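Input: a single structure, listed below in structure tokens.
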Amino acid sequence: MDIIVVNRGRTTRLKLDRRNVLLWGPVALVFSLFSAAVFFIGYASRGEGGVLPERLVADWANEVEAQRVELRKARAAAEEDANALARRIALLQAHVLRLDAAGQRLTEVAGLEQGEFDFSQPPPIGGPEESEIEGSGLSSVLISLDDFEQQLTDRERQLRVLEDLLLASRMQKQTRPSGWPVENGWISSLFGWRSDPFTGRTTMHSGIDFAARAGSDVMSAAAGIVSQAGVHAGYGNLVEINHGNGYVTRYGHNSRILVNVGDRVLKGQRIALVGSTGRSTAPHVHFEVLFNGAVVNPQEYIQAAR
């Protein structure tokens, strides 16, 4: 038997005799076994559905799970950022509340009318529209919050400085002599040249005399520290108070002294009782004011509180 193979016009004749069969038989058997093995491997690598390999499907499933994990992380980070933003906003609101309280306190200390400095209303602002900040919405909000927080911090610092200045001014008013040294009485002798009640000669009177009922209270004209408390020539029982900033006041002719040297006294505090000790003709208080060591006319100081 002959087998004729035709390939593009060329023919090949194979004779199937016993010699050729024995020669090509093993080759054909090996080729058949190789083809069967390849077919079996390909069939075994097919999925249950026969569409995609199981390994590829498993890889895709792992990738999807990894993306889900990343998504959960991103969502958690976004929630954390939102919580942080909420905390910062709450902190800024607390700053605003403290500023409102400080402003109200400053308004009361300074004696300003509420209409002049109303912290309960937002500040008036305006202006032409400007170009916006480039970037994402969240980043621009964070930048605005940072600027707002810095402005609030600076404003709070300025208000504290203003409060310190106002309190210092208030303290200065407390330590600057003002008002009368007695609650009830009348001025019996002014500051300046006068006829001496004992000699009749013209002499300089270094204070103002306040006639009052004997034993009534003598009060400090300002806050300060007692620098003298005892008998002094001509003044009788004398109380001297140093108020700082160059101011000193003296209270003479007292019947009794109620303070000691070194005591801290407040404005309006009882320091002695009206009397007529020393060079005096009747119960009264000799009131002197010294500024930087020099005697000055107490008139402007006693009128300052009236």
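A few notes on this one:
- The modelled label-to-label distance between Asp146 and Asn260, using points 7 Å beyond Cα along the C-beta direction, is 6.2 nm.
- When peptides 194-204, 246-256, 174-184 are sorted by average Cβ neighbour count within 10 Å, with the highest value leading, the order is 246-256, 174-184, 194-204.
- Extension gain for Gln269 to Arg194 (0.36 nm times residue separation, less C-alpha to C-alpha distance): 23.9 nm.
- For the peptides 288-294, 87-93, 65-71, 269-275, the ranking by mean Cβ contacts within 10 Å, running from highest to lowest, is 269-275, 288-294, 87-93, 65-71.
- 3J(HN,Hα) along the stretch 84-91: 4, 5, 5, 5, 5, 5, 4, 5 Hz, from the Karplus curve 6.51 cos²θ - 1.76 cosθ + 1.60 with θ = phi - 60°, whole Hz, x for Gly and Pro.
- The phi torsions of the stretch 277-283, fed into the Karplus equation with coefficients 6.51, -1.76 and 1.60 and a -60° offset, translate into couplings of 7, x, 7, 8, 9, 6, x Hz, rounded to whole numbers, with Gly and Pro shown as x.
- Cut-off under 5 Å, modelled amide H: who pairs with Asp263 long-range: Val226
- Multiplying the residue separation of Val231 and Val295 by 0.36 nm and removing their Cα-Cα distance gives an extension gain of 21.0 nm.
- Label-point separation in nm, Leu97 to Ala77, each point 7 Å along Cα→Cβ: 3.4 nm
All of the numbers you see were taken from the coordinates with simple rules; none came from a lab. Computed from a predicted structure; not experimentally measured. When we count neighbours, we look across all protein chains shown, and the Cβ atoms used for this are built from the backbone with ideal geometry, even at glycine.
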